[in-house]
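Asks: Before anything else, here's the structure in question.
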Amino acid sequence: MNGELKQVADLALFARIVQTGGISRCAEYLGMERTTVSRRLGSLERALGVKLLDRTPRSIVVTDAGRRCLEQCELLLESAQNARSLATLGALSANDAAIVVGAPPDLIDRYIDPHLGAFEAGNPGIRIERRPVTTWDEQAVGSVDVGIALAPTTVSGGRTSDAGRLRQSVFCSDGYAARHRPLRSLADLARHYAIVEADETPRETWRFERDGEEVHVALGSMHVVSGLLEAREAALAGLGIARLPRYLCEPYLYSGRLVDLAPDFESAARGVLVVDPEQRQRKRGLDALRVYLEAVFRHQVN
């Protein structure tokens, strides 16, 4: 500790001696040796060139010089205590802030939200903010504590890890199905107008499985869309066939607006990714929630 900082600390110690009523009581309050407190007081008096306390075996008396100094010393001590309290409060506030979970809005509404509600119910005091995210650029990644993304996707400014799979199938509108012949085999999909996401176009094939058999279907004409929701809307509008997660289409299957073209074949499942920003805040419950989300998606979603 340099001389200036040491003198500030000794001035605060002088105020504490007066507040506690003596050197012995101050030493006990601070958990210090009595001789250390006495030595530091003496060092302060020599540095200031004045006597701050008149000491007797039973009491202390603040001198005139000590009284002039005491008020500022007490303000110094109070300021230090306030600074420590504010720093502690800031740390607690950050730790207790809501955990921000980002995911595609349809996935939040249809699947994630009930699980987040269950986690909150089982962990009182932990709050979770749901944040819709459709594009995982650096700004989106930096705005969440943990995210759920669906492959294929590009994530900037963060790390990803595999969490599980989502079941998929090939869907079209009821009107589109009525206008086209029923499928005799998966190879017939190639003659249909395929609705694909921009990230899918380099592959130009869809993969299917049944009883251990793997079938690759080359796509013909394609209508490129920006994401899952746009692909579903294009299918509902009768623009072609779309390979989509089942959770996204179930309400329309029940109402008859969408038709599953290949119910006997399971399309290659869509990967689920956990997204972690490069710099994560330490929030209470965040690690537990991340493990919980991984468990949720560990198995395919029906």
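Asks: How many residues does region 247-302 contain that are among the polar types (S, T, N, Q), under 24 Å from Trp206 (Cα atoms) and part of a loop (DSSP other than H, G, I, E, B)? First the steps, then the outcome.
Replies: From region 247-302, those among the polar types (S, T, N, Q) are 255, 267, 279, 281, 300, 302; that's our starting set.
Then drop every residue that is not under 24 Å from Trp206 (Cα atoms), which leaves 267, 300, 302.
The next check asks that each one be part of a loop (DSSP other than H, G, I, E, B); those that pass are 300, 302.
Matching residues across region 247-302 total 2.
Asks: Glu230 fails exactly one of the following numbered conditions: (1) farther than 21 Å from Ala140 by Cβ; (2) modelled with pLDDT under 90. What is the number of that condition?
Replies: Against the list (1) farther than 21 Å from Ala140 by Cβ; (2) modelled with pLDDT under 90, Glu230 comes up short only on (1).
Asks: Any idea how many residues of region 163-190 are touching a Phe, Trp or Tyr at 6+ places or on another chain (Cβ under 6 Å) and either among the hydrophobic types (A, V, I, L, M, F, W, C) or farther than 30 Å from Val146 by Cα (or both)?
Replies: Restricting attention to region 163-190, the residues satisfying the condition of being touching a Phe, Trp or Tyr at 6+ places or on another chain (Cβ under 6 Å) are 163-164, 186.
When the remaining residues are screened for being either among the hydrophobic types (A, V, I, L, M, F, W, C) or farther than 30 Å from Val146 by Cα (or both), the result is 163, 186.
Count: 2.
Asks: What residue, of Ala47, Ala27, Ala9, is of a type in the set (A, V, I, L, M, F, W, C), assigned to a helix (DSSP H, G or I) and surrounded by 18 or more Cβ atoms within 10 Å (Cβ to Cβ)?
Replies: On the way: Ala47 fails: surrounded by 18 or more Cβ atoms within 10 Å (Cβ to Cβ); Ala9 fails: surrounded by 18 or more Cβ atoms within 10 Å (Cβ to Cβ).
Exactly one of Ala47, Ala27, Ala9 is of a type in the set (A, V, I, L, M, F, W, C), assigned to a helix (DSSP H, G or I) and surrounded by 18 or more Cβ atoms within 10 Å (Cβ to Cβ), namely Ala27.
Asks: Applying the selection to region 285-299, what residues are surrounded by fewer than 14 Cβ atoms within 10 Å (Cβ to Cβ) and farther than 17 Å from Gly125 by Cα?
Replies: Of everything in region 285-299, those that are surrounded by fewer than 14 Cβ atoms within 10 Å (Cβ to Cβ) and farther than 17 Å from Gly125 by Cα turn out to be Val291, Ala295, Arg298, His299.
Asks: Ok, one more. Against the condition assigned by TED's automatic domain parsing to the domain that holds Ile128 and under 25 Å from Gly147 (Cα atoms), how does Arg257 come out, does it pass? Please lay out each step first, then the result.
Replies: Numbers: assigned by TED's automatic domain parsing to the domain that holds Ile128: yes; under 25 Å from Gly147 (Cα atoms): no.
Criteria not met by Arg257.
Asks: Another question, then. Determine whether region 181-192 contains at least one residue that is assigned by TED's automatic domain parsing to the domain that holds Leu244 and either farther than 14 Å from Leu261 by Cα or assigned to a strand (DSSP E or B) (or both). Talk me through it step by step, then tell me what you get.
Replies: So in region 181-192, the residues assigned by TED's automatic domain parsing to the domain that holds Leu244 come out as 181-192.
Next, only the ones that are either farther than 14 Å from Leu261 by Cα or assigned to a strand (DSSP E or B) (or both) stay: none.
No, region 181-192 contains no residue that is assigned by TED's automatic domain parsing to the domain that holds Leu244 and either farther than 14 Å from Leu261 by Cα or assigned to a strand (DSSP E or B) (or both).
Asks: Another question about this same structure. Tell me which residues, restricted to region 228-246, are surrounded by fewer than 17 Cβ atoms within 10 Å (Cβ to Cβ) and in contact (Cβ under 8 Å) with a residue 40 or more places away in the chain.
Replies: Leu229, Ala237, Gly238
Asks: Ser185 - would you say it is within 38 Å of the chain's Cα centre (by Cα) and farther than 21 Å from Pro152 by Cβ? Before you say what the answer is, go through the steps one by one.
Replies: Values: within 38 Å of the chain's Cα centre (by Cα): no; farther than 21 Å from Pro152 by Cβ: yes.
The answer is no for Ser185.
The values are calculated or read from the model by the stated rules, or taken from the named source; none is laboratory data. Note that the structure is predicted; figures quoted are calculated from it, not measured. Quick reminder, even Gly has a Cβ in these numbers, built from the backbone with ideal geometry, and neighbours come from all protein chains shown.
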